[in-house]
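All remarks here apply to the structure that follows.
Derivation of every value follows stated rules applied to the coordinates shown; laboratory data play no part. What you see is a predicted model; the values in this text were computed from it and never measured. Ideal geometry is used to build each Cβ from the backbone, glycine not excepted, and the neighbour counts take in all protein chains shown.
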Amino acid sequence: MSANEFPSSNGSNGHSSSNGSERAERVNRGVSRVGRESGDAPGVSDASGFVVEDSAAAPMATDVRDDHGLMVQMVRFIISGVIAAVVDFGLTFIMLNYFGATNFWGKTVGWIFGTITAYIINSRWTFKSKSSAKKVLAVAVLYLITYATQVGIFAALEPWLSGSLGWDVKLSQFGAFVVAQGVATVINFVIQRVFIFRVK
């Protein structure tokens with residue numbers, strides 16, 4: 001058999017290499033298309049057709065917790081509010097039932113110490129904001145507003161719960177406290193987050 005009757009080995013290898021390159025290119029295009037359709041971050045293809053993911057686009061690199069996000073601040077504000085409320089109600093209860101203070105003075109003492117507790121926690125932990133004279137003044141004005149709101153609601157609601165509704169005195173004190181504290185908490189959070197400790 002003559003040499004011309006045999007297929008050229010070089011030609012066969014060249015054809016196979018060409019087919020392999022075409023297949024790799026098709027695979028590469030298919031992977032890139034799937035990545036775009038699925039919303040994944042684009043990768044970089046190497047010579048073999050495999051997609052090499054850029055480390056900057058990896059999920060762990062972008063999974064950063066925002067400590068100043070609304071939900072984080074809200075949860076922390078609620079936690080600090082609970083702690084301050086315990087201090088506030090505890091002192092209010094003691095002043096009313098063990099020192100014979102009036103509703104006004106009992107709630108005032110509880111409010112003062114509860115407010116101090118809330119301010120320290122919120123400024124250092126909830127909003128992570130540096131203190132300044134302007135912020136201290138703004139918070140003081142805000143606390144005076146919420147103070148008047150709390151005391152007014154408590155002083156008006158407690159006698160109504162114990163008198164008109166016939167609640168037990170301690171239960172009416174607790175109920176009036178919860179309502180007054182809830183209203184003040186909403187006012188405090190909105191104003192502090194939007195106007196005082198806002199994150200720019």
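Give the Debye-formula value of log10 I(q)/I(0) at each listed q (0.14, 0.19, 0.25 Å⁻¹), with one equal scatterer per alpha carbon of the range 100-179, two decimals each.
Computed log10 I(q)/I(0) values: -0.56, -0.83, -1.14.
Once you put a point 7 Å from the Cα of Lys170 and another 7 Å from the Cα of Ser132, both along the Cβ direction, what distance in nm separates them?
In this crude label model, Lys170 to Ser132 measures out at 4.7 nm.
If you take the beta carbon distance between Leu70 and Ala155 as r and set R0 to 35 Å, what does 1/(1 + (r/R0)^6) give as a FRET efficiency, to the nearest 0.05?
Using R0 = 35 Å, I get an efficiency of 0.55.
Could you compute the net charge surrounding Ile196? Neighbours are other residues with a C-beta less than 11 Å from the C-beta of Ile196; K and R count +1, D and E count -1.
Numbers: positive: Lys134, Lys135, Arg193, Arg198; negative: none.
Net charge around Ile196: +4.
Under a point spin-label approximation (7 Å from Cα along Cα-to-Cβ), what is the Phe99-Val141 distance to one decimal in nm?
Taking the two extended label points, one gets 3.0 nm.
Please report Rg (one decimal) and Dmax (integer) in Å for the Cα set of the range 119-166.
16.2, 48
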